[in-house]
Structure formats: C-alpha cells, structure tokens
Amino acid sequence: MTQPTYLDPNQSPERRADDLLGRLTLEEKAGQLTQYFYFGTGELPDPAVLEAMSEEERQVVQQPLAVEAALEQGAAGSVLFVVNPALHNRLQRKAIEGSRLGIPLIFGFDVIHGLRTVLPVPIALAASWSPETAAEGQAVAAREARAVGIHWTFAPMVDIARDPRWGRIVEGAGEDPILGGAVAAAQVRGFQGERIGADERVIAGPKHFAGYGAALGGRDYDDADISDAELHNVYLPPFRAAVEAGAGNIMSAYMDLNGVPASGSRWLLTDILRDEFGFDGWVVSDANAVRSLATQHFARDLTDAGARALNAGLDMEMCMFDPAFGRLPEAVAAGVVTEEAVDTAVRRVLEAKFRLGLFENPYVDEAAAPGVLSDAVHRDVARKAAEKTFVLLKNDGILPLAGQRRIAVIGQLADSPRDTLGPWVFDHDVDETVTILEGLRARAGEGVQVEHAPGVRAGSRVFPSMFDRMDHGLPTVADDFDDDAELGRAVELARSAEVAIVVIGQNQNMIGEKASTSTLDLPGRQLELLQAVVATGTPTVALVMSGRPLDLRWAARNVPAILQVWYPGTRGGEAVASALFGDVAPAGRLPFTWPRTVGQVPMVYSHYRTFQPEEQGQRYWDEESTPLWVFGHGLSYASFRYGDARVEPAEIGVGGTATVAVEVTNTSGVAADEVVQLYIHQRHGTSTRPIRELKGFQRLTLVAGETRTVTFELGPDQLRYWSAATRDWVQDATEIDVWVGGSSAVTEGTGALLTVR
Ligand code: BGC
C-alpha cells in the first residue's frame, strides 16, 4: 500500500493539508477547529472531596477528563495550558492513537514574557526602545516553551493602550503605533525565528484583534468605540507590522468594536486582516469568545455564534466546555455555513501542524527539558534585557550611588519574588528570582550594610489573581501584616541610613487581565511611607515597580531621584542594582505619556492642534494640562547634545523619500545609550494630523565624548495616513516639520522643514 500524501514529509504543507482534509468527516473537521483549556493533571480528587463540591466546581474539576474523551474521538485540534512535558506526551499520544487518522494536537500557551526564565514585562521591553532586546528575550522564551512541548504562544499582545486604568497596558507596548509596530514585529521574529517550524521556536499569535485597549473607562472587556481614522492610523498598524513579520496566528478580541463583537466581525477578520494585510495563517478566538457572541446578545444561540464566527473568518475556537464549533455540522446541514468555509479554516490549521513538523515529531523529549529550562544563558539574557528597560524619570544627582556604607531598602515590593516577576507567569521558579534587596546586597559587597524594612502593603488581595490555581499559591501580600508597626520600623531604618531606597508601586496582582483601577494612586499607605522617609532628611531614591503610570506628583516634587523599574523578571534585582550603582546607565524611555492624575486620562502626546494653540485652551482649572512626564522621556547618567536636523532633499514629490540626518554627541565622561527619536508634524492637508508623530527611533551606545551621525528616512510609508475626508490612505502635498531629539518634547521651531510637492 502506498503511503498517503499527508504522511509524506517530502510533500508541501499545502498538499499534505489538502490530502488529509479530503479524508476527514465533517465532525472531525469541527474537532480540528476546537481548542480546549486543560487545567491540572487530569487526576480527580478523592470521591469524598468530589462529593462535597458544588455542581459547578465538579464540572471544572472534571473538565480535563472531558477533554481527554474528546481527544480520543478526534474531537479536538488543540489544547492550551499544558506545560508539563510528561503530560504533554500523554495527551498527545491519546490524540494520535485515539483519533481515526492520527492527527497530532497543537499545544498553545500564554508565554507572554518568558516561561521558566521570566523577562521584564512587555511594557518594559517596549520601554527599552530596543526591538532587538525584545526579539532576543522572546527567542529565549520560545526555546524554553518548545522544550516543554508548547508549539504556539498567545503573544505578543500588540493592543495600543491609551488608558492606564486598563490593567492590560502592562502586556503591550504602550500608546504609539510606530513603537508598537516595531516591538510587535521584533517579538514575532524572536518567537518564530526564520520561519514557522524553525527549531526551538514557537508560532506567534499577536492579539487581540482589534481595538481591545480602547475599552470604555479602562474597564476590561468593555466595548470600544474607535473612529475609522484612529483604527487605521493608531490601533491597526502594530497588527499589520506583526503580520508582515510573518506571524502564523492571530487571536481575535472579545469586545464589541463599534457595535460588532470583534470575534464576529467579518470586516476585521476578513476585509482587513486577510484582504488588506494579506494574513495567511489561522485565527483563534480569545477564550470562550465564540460562545460570547451569544452572551453579548449578538448571536441568537450557540449554533448561530459558531456560524457567525466562522463566516466572519475565525478558524479555531478556544474554549473551556461545549464548543460552539461543535455545532458546525448542524450549521452546515441548516445551510448557514458552507462546508467549503469549514474546509478553508481546517486547511489553515492543518497547514500549521505540517509546517511545525508535528506529524513527524509529535512528542517532546522529557529528558532534555530540564537542561533547557535551567540554561544559565537564558538568565543572563533576562538580566541584560532588564537593564535596558529602566527609565530614569528624575535625578537631582543622587544617582548613581557613590560610596554609601549604610543603605536602607524600604518597601514590601523590594523583597517579593512573586512581584518582581510581574503578571502572566505560570511556570517560573520563584526560588531563582533575585529581588531588588538580594540584588543590592550582592552588588554592595563587603562592608556595606543593606537593611530592609517592608514598611506597608503594596497592594490588595481583594480580587484574587485570576490564575491563582496556576500561581503556585504564592501570596503577594501577607494577611498578618501590620502596617502601623512596620511603617515606624521603616522610618527608623531610613533615619539611620546614608541613603534610602524606597520601592513603591502595585503588586503584580493589581495589573494584567481583569485588573483595571479607577485611580492611579499608590495603593495603600505607600505615599505616607514615602513622605515619612523623605521627612527623615536621608537622601531618598524611589524605585517604581508598576506596569502603568501612577500618580507621582508628590514624589516628582519631593524625591531627589525616581527610577521606573517595571516588573523586572527573574534576574531583575541584579539589573536594578547595576543601574543604581552606575554599572550601566539607565536609557529606557517612556512608551506612554505619564499623566499627573487619573483625571487627565486619556492623554497622549500625539493629540491635535486646537484653534488656540498658543493659549493652552485645554487647561483644567485645578491641574496643569501637561503630563508629569512626556512620551519618550527618560534621563541618563550621561548628557547628550543634538545638532540641527538636516533634511535632504528639502523638497520632494509625493511618493519621494528624504533623508533626515542629525549629529548626536555624548558630552559627558561616561558611556551610555541614547534613544534618538524622530518626530514630524504635517502643517496642512486632506485631514489635520497630530502635533507630533513618532516616525523613527534608534537606540545607540555612545562612549564618552563620541559623536555619531544618525539618519532616518521619510518616505511614503512614513508620510501616508488614513483620512476620514477621503475614507482612504492619502499622502498630501504639504509642509512637514521635522524634529530629532531625546523625547517627544522636542520644541516647535527647532526642527527642519520638508516640503512635499
Ligand atoms: C485572555 C487572552 C489569553 C487567553 C488564554 C484570555 O482571557 O484575554 O489574552 O491568551 O485568556 O489564557
């Protein structure tokens, strides 16, 4: 008997997928389009414990067994949340041996910023303004993920976030489409390598398509109302960049976008994603988002939900129980879905499996995994990445530390491994995590006293972490903590020290999914703690551990130095120590506008000019209308001088390209990185354009005294935009101001002019 084409590795993925598709029943096809959560190990608790559970709890506990039954019937194409190689192999064997045609599963997981080795959170990677750093970090994450059997990650999150109340701001690259696009593409390259199916890499699944970050009021899952111009010019570009970088998968979003749930929007999933961006991978729904089409009162029932999602262009349903796609055969019989539409989706899923080589190598090497997970090189990558992410918000000269012998380290977050890692980590090794206190102790060395007092709580456990069951049960806030007593002890410690380092922020459980906040205030009594420490007269440095801007108005006036350290990851504490001691100069830049107060939100640097541009007509009676720190802000231990920007030629035709050149000099005595940023403003045209738009950036290292000429291109890709006036992409004949500088605060009048004829 000759071997069927689909089993022949010498055939192309397309031919193999076609051949296999022709052998599948409609039910089996629906199975390939279904992805199940699999929590736990598949072992049931004691019968007595089971008996005592509520019906709902029992259903959750028994869910893995239901998934295993589905695997045996070929009724699942994918599983998510399995990180144990032995369990992976057991489930994979069940799928292959259980199903009629032996089709392997594709395993997905949220590898957001590392698996065992945890990188700084994504917003921090964006703050490095170094796409290579993000790519290198995600390559390590991919290697660890692949070693335990994960083929595909639900990352990067490329949602533009312009409202810091939204907890998922921490997972993305902030407010800007150009920075966001560059960081999105870099992460896709890091995860996937040269091609889908490359060794030690995973498929990237940029998410959540599209507009999720614009949730009303910053409340997670709430609807998003975004104009077409904002969609095309701001929210969609990072997705386009990720698709152009070769992303194999895209995840659809939950929420309603302009009145249509994103997971049921044919305009988004087909017209934009496939027809305009040319995406040829497969689309997965967010968790239960197909079922939610009915919950959101868009679809009539589950059958309708499945039909509408599939017809919109959604290929695979991620779910916990009872998939809507399980009803696709019914929908085909009823004539609301064609079998061709089902086939198109199945073909995309099967092609991915063939590209990954799953039919040849379905299992994971259980013996090899521990070696990969403990690779010391990975920890070094995480540390170096963290060093690049810190943003020096303020420095009156107290940093870097110089010769102090008694250092007080204050704050609960200073010695909390779990918070050092941030949200969205599941398979980390908490014992390997280096906290800020540990990092400082190790760096300070013999003869320097580094003492710690936690002071007050840095967050609340009012809402348990949504992933508690995966969180190794590690509380981030001790229940028996006595704020009053500890605050007093912390102040005493500060008084007796030569420098106080106060770590303030939010514990990791206050940020991420379902973690919106209605204020940006420091949680609990942390401001009081900071004020009391500063009042001792001991020179104070504030380190901010957060994934969103917080209200730091008091700190900005009264604390001599402030360093944003994000959630810095497994080796974060060492990286923080390097920055504080000046082994490396901080050079991260803000990927968002830092408002003074939540009342200013939303606030972006790329707003439009008003009819009273000089008068600050947008004033508030009770607060400045400017941010606390602008987009792109970040100080250094070095100082830099920028020459005049030169634009050549100074006049181009529409469609032409000009070069912008500027000389940047490190005028200090220390080597440091500088992030050179190019901004433009178009003076007139078919539509008005923002007062500043980032169009390029380069992070470079300059040794003391060094001068470098930095060049950028301004061509049609940078100058075109989507106009609501013509409802299309346009490039205008106009005049364009061009600035190059170290932040978005480059001032009007200092730039050069480009004329477009
Ligand atoms: C989140 C996704 C995530 C999925 C699987 C959802 O609730 O919105 O970002 O990938 O869960 O964990």
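The values are calculated or read from the model by the stated rules, or taken from the named source; none is laboratory data. Predicted, not measured: the structure shown is a model, and the values here were computed from it. Cβ atoms come from the backbone with ideal geometry, glycine included; neighbour counts cover every protein chain shown. Each accessible area value is taken on the protein alone, full model and side chains, heavy atoms only, with ligands, DNA and RNA left out. Shrake-Rupley method; radii C 1.70, N 1.55, O 1.52, S 1.80 Å.
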Next item on the list: Mind telling me which of the residues GLY248, GLY167, GLY172, GLY264 ends up being modelled with pLDDT of 95 or more and touching a Ser or Thr at 6+ places or on another chain (Cβ under 8 Å)?
Entry: GLY167
Notebook entry, point to check: Looking only at region 225-273, which residues are small (Gly, Ala, Ser), under 19 Å from the mean Cα position of the chain (by Cα) and not in a helix (DSSP H, G or I)?
Noted result: ALA245, GLY246, ALA247, GLY248, SER252, ALA253
Check: If you go through region 23-57 one residue at a time, how many are of a type in the set (Gly, Ala, Ser), buried (at least 16 other Cβ atoms within 10 Å of the Cβ) and assigned to a helix (DSSP H, G or I)?
Finding: 2
Item checked: Conditions (1) over 27 Å from VAL675 (Cβ atoms); (2) away from the ligand (no atom under 16 Å from the Cβ); (3) surrounded by 24 or more Cβ atoms within 10 Å (Cβ to Cβ): number failed by ASN509 -> (2)
Note to self: Restricting to region 258-276, name every residue that is farther than 12 Å from GLY313 by Cβ and more than 16 Å from the ligand (Cβ to nearest atom).
What the structure shows: ASN258, GLY259, VAL260, GLU276
Next item on the list: Pull up region 80-99, narrow it to residues that are assigned to a loop (DSSP other than H, G, I, E, B) and out of contact with any Gly (no Cβ under 6 Å at 6 or more places or on another chain), then point me to the one that is nearest to the ligand (Cβ to nearest atom).
Entry: PHE81
Next item on the list: Collect the residues in region 130-158 that are in a helix (DSSP H, G or I), within 26 Å of PHE592 (Cα to Cα) and within 16 Å of the ligand (Cβ to nearest atom), keeping them in residue-number order.
Entry: GLN138, ALA141
Checklist line | Some residue of region 428-445 being free of Cβ contacts under 8 Å to residues at least 24 places away in the same chain, under 30 Å from ALA75 (Cβ atoms), open to solvent by 60 Å² or more (accessible area, probe 1.4 Å) and in a helix (DSSP H, G or I) | finding: no
Item checked: Where a residue in region 49-77 is closer than 18 Å to LEU33 by Cα and its partner, wherever it lies, is surrounded by 14 or more Cβ atoms within 10 Å (Cβ to Cβ) and β-branched (Val, Ile, Thr), with Cβ under 6 Å and at least six apart -> ALA76/THR34; GLY77/THR34; GLY77/VAL349
Item checked: Criterion violated by PHE321 - all others in (1) surrounded by fewer than 24 Cβ atoms within 10 Å (Cβ to Cβ); (2) modelled with pLDDT of 95 or more; (3) assigned to a loop (DSSP other than H, G, I, E, B); (4) not acidic (Asp, Glu) satisfied -> (2)
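Yes/no per residue for (1) of a type outside the set (A, V, I, L, M, F, W, C); (2) over 20 Å from ARG23 (Cα atoms); (3) open to solvent by less than 20 Å² (accessible area, probe 1.4 Å):
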{"position": "GLY77", "(1), (2), (3)": "yes, no, yes"}
{"position": "HIS88", "(1), (2), (3)": "yes, yes, yes"}
{"position": "LEU91", "(1), (2), (3)": "no, yes, yes"}
{"position": "ILE96", "(1), (2), (3)": "no, no, no"}
{"position": "PHE107", "(1), (2), (3)": "no, yes, yes"}
{"position": "LEU115", "(1), (2), (3)": "no, yes, yes"}
Check: at pLDDT 95 or above, outside any helix (DSSP H, G or I) and over 27 Å from GLY632 (Cα atoms), is that true of ALA500?
Finding: yes
Next item on the list: Sort out for me the helices (runs of 4 or more DSSP H) sitting completely within region 325-414 that have 1 or more residues that are farther than 30 Å from LEU310 by Cβ.
Entry: 369-373, 376-389
Next item on the list: Quick one: which residue in THR344, THR389 is under 30 Å from LEU590 (Cα atoms) and of a type in the set (Ser, Thr, Tyr)?
Entry: THR389
Notebook entry, point to check: Looking only at region 287-313, which residues are open to solvent by less than 10 Å² (accessible area, probe 1.4 Å) and within 15 Å of the ligand (Cβ to nearest atom)?
Noted result: ALA289, VAL290
Next item on the list: Pairs only if they're at least six apart or on different chains, beta carbon under 6 angstrom, first in region 206-230 and over 13 Å from ARG162 (Cβ atoms) and open to solvent by 10 Å² or more (accessible area, probe 1.4 Å), second within 13 Å of the ligand (Cβ to nearest atom) and among the aliphatic types (A, V, I, L, M); list them, first residue then second.
Entry: TYR221/MET255; ASP222/ALA215; ASP223/MET255
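Conditions tested, residue by residue: (1) at pLDDT 95 or above; (2) in contact with an Asp or Glu (Cβ under 6 Å, 6 or more places away or on another chain); (3) more than 24 Å from GLU351 (Cβ to Cβ).
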site: PRO13; (1), (2), (3): yes, yes, no
site: ASP18; (1), (2), (3): yes, no, no
site: ALA52; (1), (2), (3): no, no, yes
site: VAL61; (1), (2), (3): no, no, yes
Next item on the list: Hey, can you tell me all the residues within region 556-590 that are touching a Ser or Thr at 6+ places or on another chain (Cβ under 9 Å) and farther than 18 Å from GLY439 by Cβ?
Entry: ASN558, VAL559, PRO560, ALA587, ARG589, LEU590
Check: What strands (runs of 3 or more DSSP E) lie completely within region 675-757 and have 1 or more residues being open to solvent by 40 Å² or more (accessible area, probe 1.4 Å)?
Finding: 693-702, 707-714, 728-730, 734-741, 752-756
Note to self: Going through ALA161, ALA173, ALA198 one at a time, which residue ends up being free of Cβ contacts under 8 Å to residues at least 24 places away in the same chain, in contact with a helix residue (DSSP H, G or I) (Cβ under 8 Å, 6 or more places away or on another chain) and part of a loop (DSSP other than H, G, I, E, B)?
What the structure shows: ALA198
